[in-house]
Amino acid sequence: MRHIKASTRLSRRDLWRFGIGIAGAAALGKVVGPRPAWADGPPPTPIRFTPFTRELPMPATHQPVAPFATNCKFTTKAIPRFYVVHMKKGIAEIIPGVETEIWGYNGQYPGPSFHSTFGTPDVVRQINDLDVETSIHLHSGHNPSASDGLPFQDLLIPPGGFRDYCYPNQPVGFSTGEPDPNDNATTGWYHDHATDITGPNVYHGLAGFFLFTDDLEQRLLASNTLPAAPFDVPLVLQDRRFNADGSLFYNPFEHDGFLGDVFAANGKAQPFFRVQRRKYRFRILNGANARMWFLRLSNDTPFLRLGTDGWLLPAAIAQNRIFLGMAERADVVIDFRNAPDTVFLENILVQDSGRGPGGDLQNPDTVVPGTPLVKFIVQGAPVANDATVTVGTLLRPNTPIAANEIVATRQFEFVRSEGAWQVNGLFFDENRVDARVRQGTAERWILKNGGGGWWHPIHLHLEAHQVQRFNGAPPAPQNAFKKDTTLLGPGDEAEVFMRFRDFPTRFVAHCHNIEHEDMRMMFRWDVV
């Protein structure tokens, strides 16, 4: 195996310090010389490999350590679990036979998974052994501002430093005295969120799953409704691009959004996975910087959709195709009982630019044959006593936010301007508060894509949002419950409700095309 080092590129932090982010190509030429030959299109990965020769790896699991002194304080009397994580360089075999240097949690790509239980707090000490600043955001978490992993200067972890993240893991609304156990997240993930350099940090490997469980989900498991732990598979889909020596290639000047041309599942390029003839649960995460996925199964059987983003749906639904914007998740069951011996998870989306997809989105199957991402090798006879979940199975109850709770309406328009990205005509400024919401109230937010051909997955921190209308019509069933990220195509508009229950002070909302986020498509909002 070849052993290589990560390639060196200008960081976005450097670009912003040089004033390049907004000034554009003219200023870029003055500061760092002519644009490289690949500035208008990155070179393809020159390494060739045979797909489906490596097995799909399962992320490791973070193990608790002995308690240590911390400033974390929780209202519950439950004894917290303590973790220590080192962000450091590591080696990963993404392409078969090639070792690539990555930046990972405990030096692993993807990072090890957390398995957390509501009612038991977690204290996670993140130690930065890298030479870049970091900040860790728990996506779908409901945590105080200081532990939300915000991209604010006073919350960044410098090289050689550490920070303790305090995760209460209590039913949402606990501090108001009105706990809502039906709002507990299930499939979360954690990733870097450092100011202006989230793109390269995540691209080099700083992401992993944060999986929650609670009494309701344990009852679904105990009753054999959901597939048991051995058949519950986290699956992160990402794209990467490589230099000839196997190092990761990243273009910090690709402000539309950086795309790779090698497709990885759980950090392995086009792996295979052996499955029994039974139902499997897959927590599918779009962990890419700028690529979207339109997923289907090669045998054309439907997915059984259990959840969207971090939350289980009220009841399971069937979907033949699943479209995932960046940071979105699909909690699904795939039934292999009557499947052929080989099934592929395929992507049928045409996307050649960080702007967004091309092709006929209404009839994608007629445009491309599909790119296989994972090969399932189906073995054995159908098992007995399989999980009983099917279409219509009740999962997590939902009490929606009522229209009469709304006390204010705000509009946020996401646009490209001055060579970078703005919200309501402004670049992100961590010291400017763009919205002040009152604790204990609910509001209507209008999320508008200003157009221009770019797509924007909008992520709102702290609270789940409830999509009311999408382009004036009711949302698709899988998006009508709770979301933390809503994908807006050119000109799209989403009307969402949010309820602000606790944790005053500052939070953010932003586009989760990470290059757009780094180039300031973000705004600060405060709970007061």
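Working from the Cα coordinates of the range 232-289, the gyration tensor eigenvalues give, after taking √(5λ), semi-axes of 28, 14, 6 Å in decreasing order. The radius of gyration of the Cα set in the chain, together with its Dmax, comes out at 21.9, 69 angstrom. Rg and Dmax of the range 152-297, based on Cα coordinates, read 18.9, 58 Å. The eigenvalues of the Cα gyration tensor, multiplied by 5 and square-rooted, give the range 249-355 an equivalent ellipsoid with semi-axes of 27, 17, 12 Å from largest to smallest. In whole angstrom, the range 90-230 maps to an equivalent ellipsoid with semi-axes of 29, 21, 10, each derived as √(5λ) from the alpha carbon gyration tensor and ordered largest first. Legend: Rg and Dmax of the range 462-528, from Cα coordinates, 13.1, 34 Å. A simple count of charges around V415, restricted to other residues whose Cβ falls under 15 Å of its Cβ and scoring Lys, Arg +1 and Asp, Glu -1, yields -3. When the C-alpha to C-alpha distance is required to be over 26 Å, the pairs from K448/K483; K89/K268; K268/K482; K448/K482 that qualify are K268/K482. Beta-bridge orientation, the range 229-379: approximately 75 percent antiparallel, per DSSP, counting only bridges with both partners inside.
Extents of the range 403-527, largest first, come to 40, 35, 20 Å (Cα atoms, principal axes, whole angstrom). For the range 403-527, the residue among G440, G453, A473 whose Cα projects farthest onto the positive side of the dipole built from Cβ charges is G440. Volume of the convex hull of the range 262-421 (Cα atoms only), normalised per residue: 155 Å³. The residues neighbouring Q63, those whose beta-carbon lies less than 14 Å from its own, together hold a net charge of +1 under the Lys/Arg +1, Asp/Glu -1 convention.
Of all DSSP-defined beta bridges confined to the range 428-511, some 100% are antiparallel rather than parallel. When DSSP beta bridges are restricted to pairs lying wholly in the chain, around 70% turn out antiparallel.
The charge dipole of the range 224-331, taken about its Cα centre with unit charges on the Cβ atoms of Lys, Arg (+1), Asp and Glu (-1) only, comes to about 620 debye. Only one residue of L312, N299, T213 has its Cα farthest out toward the positive end of the dipole of the range 195-336, where Lys and Arg carry +1 and Asp and Glu -1 on Cβ, and that residue is N299.
Each value in this text was obtained by applying a stated rule to the coordinates, not by laboratory testing. If you're wondering where the values come from, they're calculated on a predicted model, not measured in any experiment. Please note: Cβ atoms are built from the backbone with ideal geometry, for glycine as well, and neighbour counts cover all protein chains shown.
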